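Scroll down for the structure; my scribbles are underneath it.
What follows is calculated from the coordinates using simple rules that are stated; it is not laboratory data. Only a predicted model underlies this, so the values are computations on that prediction, with no experimental measurement involved. Because the Cβ atoms are built from the backbone with ideal geometry, glycine has one as well, and the counts that use them run over all protein chains shown.
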Amino acid sequence: MRQNNLLASIALVALAVCLGSPVFALSPLPTATAEDRAQAKEIFKQLIEINTTDTPRGNVTTATAAMQKRFLDAGFPAEDVKLLGPDARKMNLVVRLRAAAPTSEKPVLFLCHMDVVEALRQDWTTDPFQFVEKDGYYYGRGTQDMKDGDAALVATFLRLHREGYKPRRDLILALTADEEGGKFNGASWLVKNHRELVDAAYVINPDSGGVELNHGRPVVTAVEATEKVYSDFQITAVNPGGHSSRPRPDNAIYELTSALNKLAAYSFPFELNEVTRAYYTRLAGQETGQTAADIRAILATPPDMDAAKRLSAEPGFNSNFRTTCVATRLNAGHANNALAQTAQANVNCRIFPGHSPEEIRQQLIGILGDKKLVVKYVSDAGDISDTAPERKAMVPPAPIKEVFEPLTQLTQAIWPGTPVTPVMENGASDSIYFAMAGIPCYGFSAIAMERDGDRAHGQDERLPIDSYWKSLDFFYSFAKAVSSK
Ligand SMILES: [Zn+2]
């Protein structure tokens, strides 16, 4: 998942997070040398050209094992480069750059998923599994989501090691399987089965957040501080069926579609949390006219529901204001001349933090308003169950100064004039598994992208080459800033 497209035109003013004096020198900002860049590009190319889709052609282990070899070849001790997982094709790699001396201070973990969404050659201008350099971009499946981050962090860890850097605390890089889909989510598996390998003070997840550009000018640096929970529900209508020449009054297809129409007309309640309230408070100062007035009105107590309704016409605002549930697939009937015995829909929900999938399942039953319909939960692995998990979305962690201070300083050095803004992502990422384990997570890709440049999961996915170089500089200095004496 990668969402750089923020909500509206913004040039925010100041960071709400309180900052002290700089803890490390930034001028001049150390930039990657030509050799560093060459290696980082080679790693990026290698990863793009290994198909890591959850398909018969894909294999995550090929990619993680290739990175393991790089770390071992570079001289990392074998015990600090662990390849492990529940499936031979879905192995995760956990790399540890050890502290100079034993310390009780918890490590910092960088979490990067290695799998990508399927891409078909005929849909693309270039071969999605070839790393193509063209017009100032790198093309290929995963160039945005998220082999850019994978490659940048692998290159960063190798560079720190090559330079003999000794951190004051351990730095961990976890390269994981099945974020986009599949049965073997590596982040979840590592937290459950090898907590000791991935336990950390906090997680930096380059799968979200980033720098938004407006015609090349950086306008905002978004750090994901909370996110919605992804949930699928299966809605089923059944009927005895029969010959279509003798329609009966009850009908599985009509019952299902009329219930879905009720869902289409329904809006979940408007909500704000600590993160979105702070975000809109700042956005109000940058917007003009009706939009600015409406944003102020939703921040009032009680919020102005007419203003919320006007703003909700924009899908970005709407999905940031509430839980959303939308029908994404339909399947019904078995023959052209038979009454459907089964009609089924998938409803995809993005649940606002503070609510559980089971709570939303109960609400869906009420909204659909037809007791004959059965509403079941579909897990990420595709398993169907009568009830949904009770777990709630990750609660926004307080912004940690030791994260936000270097992040802000580096942002000012690399993308000057862009305020750092904690945001709630409307998508979902692997951060949830660490958040549920009580480890704060911050999403930041260090990638600068035009507002309309998001091609993650889409055709001709590409990354501006310059954005890749800047992400290298960011992660190198950031990793040092959070781990130097
Ligand atoms: Zn992703």
Straight distance only, please: which aspartates and glutamates reach the Cα of Lys134 with their own Cα at less than 19 Å, same-chain residues fewer than 8 apart left out?
-> Glu42, Glu49, Asp123, Asp145, Asp148, Glu450, Asp452, Asp454, Asp460, Glu461, Asp466
Projecting the Cα atoms of His113, Gly140, Pro167 onto the charge dipole of the range 93-234, where Lys and Arg contribute +1 and Asp and Glu -1 at Cβ, the residue farthest towards the positive end is Pro167
Proportion of all alpha-carbon pairs of the range 148-225 beyond 20 Å (%) | 51
Charged-residue dipole, Cβ positions (Lys, Arg, Asp, Glu), the chain about Cα centre, Debye nearest 20 | 400
Given the pairs Lys401/Lys485; Lys106/Lys392; Lys82/Lys192; Lys106/Lys470, which are separated by over 20 angstrom at their Cα positions?
-> Lys106/Lys392; Lys106/Lys470
Could you please report the charge total around Thr53, scoring K, R as +1 and D, E as -1 over all other residues with beta-carbon less than 10 angstrom from its beta-carbon?
-> -2
Rank-order 291-303, 80-92, 134-146 by packing density, defined as the average count of other C-beta atoms within 10 Å over each peptide's residues, highest first.
-> 134-146, 80-92, 291-303
In percent, what relative contact order does the chain have, based on Cα pairs under 8 Å that are 6 or more apart in sequence?
-> 26
The alpha-carbon center of the range 291-356 and that of the range 415-485 are separated, in whole Å, by 27
Classify the range 348-411: rounded, prolate or oblate, from the alpha-carbon gyration tensor (a ≥ b ≥ c, eigenvalue square roots; a/c under 1.5 rounded; otherwise prolate if a/b is larger than b/c)?
-> prolate
Compute the Rg to Rh ratio over the chain from the alpha carbon atoms, using the Kirkwood formula for Rh, and round to two decimal places.
-> 0.99
Residue (of Gly181, His334, Val403) at the positive-pole extreme of the chain, dipole from beta-carbon charges | Val403
Please say if the range 178-324 is rounded, prolate or oblate, where rounded means a/c under 1.5 for a ≥ b ≥ c the square roots of the C-alpha gyration tensor eigenvalues, and otherwise the choice is prolate for a/b larger than b/c and oblate otherwise?
-> oblate
What percent do you get for the relative contact order of the range 311-444 when only Cα pairs under 8 Å and 6+ apart count?
-> 18
Can you give me the P(r) profile for the range 419-485? Cα pairs, bins 10 angstrom wide beginning at 0, each as a whole percent.
-> 15, 37, 39, 8, 0
Once every DSSP H run of n ≥ 4 in the chain is given -39500 (n - 2.57) and the sum is divided by its residues, what mean residue ellipticity at 222 nm do you get, rounded to the nearest 500 deg cm²/dmol?
-> -10000 deg cm²/dmol
For the range 321-472, just list the percent of Cα-Cα distances falling in each 5 Å bin from zero outward, please.
-> 2, 6, 12, 15, 14, 13, 12, 9, 7, 4, 3, 2, 1, 0
Provide the net charge surrounding Lys166, with neighbours chosen by a C-beta distance below 12 Å and charges set as Lys +1, Arg +1, Asp -1, Glu -1.
-> +3
